[in-house]
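All of the numbers you see were taken from the coordinates with simple rules; none came from a lab. Given the structure is predicted, the values throughout are model-derived calculations rather than measurements. Virtual Cβ from ideal backbone geometry, glycine too; neighbours counted across all protein chains shown.
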Amino acid sequence: MWYKILISTIFWALIANIQITLLGGFGDYLASLNLLLVLLVALLFFIDFKWIVYFTILAGAILDIYSSLPFGIFMVSFFIAMAVSDFLLLNFLTNKSFYSLVSVGLSAVIVFNMVFLISTVLVYLFGFSDFFIDRNYWLGLVYQVVNMVLFLSIWFFIVNLFSRQFKPNFIRS
């Protein structure tokens, strides 16, 4: 059990470092890719929500360490986005199809950015940080939506090629 936690912690730290250091050095399009959110949404279809909560808190904590914002903004944003995504997946998008994967991914991006935006505006208004959203944030949000759809589409077709996880089961009478 402990080795799973250790290996997953190293994995998420590595993915967070790739997102911060490697993708942040590219242009605006690839820098806006939220790799952690893409992986969390993709894993939501495969593993138990208890592990998703652990991965969400871990990913948020790692990004909070590197951020100049008050600690916990990324953690709360990731957690609420994944909780809403899991709620949508369990109650509304029950089949594991391409459309449900993309819909859950888009809802995760929108909820994450909504919570992040509200949190940073409140932090700015109370004077805890001088970070404020500008015009480039909205362009980054569009890039993030496009990246989410693109990467989840690639993920879906790769998993569909090698697994039966997303293939429909037809009931024969």
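Cα-Cα pairs above 17 Å in the range 57-108: how many percent?
Details: 577 of 1326 pairs.
Of all Cα-Cα distances in the range 57-108, 44 percent exceed 17 Å.
Among residues other than VAL104 whose Cβ falls under 15 Å from its Cβ, what is the net charge (Lys/Arg +1, Asp/Glu -1)?
Details: positive: LYS96; negative: ASP86.
Every neighbour counted, the sum reads 0.
For the range 2-162, the Cα-based Rg and Dmax, in that order, read 15.5, 51 Å. The slack in the chain from LYS50 to SER129, taken as 0.36 nm per residue of separation less the alpha-carbon distance, amounts to 25.2 nm. For the chain, adding -39500 (n - 2.57) for each run of n ≥ 4 DSSP H residues and dividing by the number of residues yields -24000 deg cm²/dmol at 222 nm. Measuring between their Cα centroids, the range 81-153 and the range 44-63 lie 15 Å from each other.
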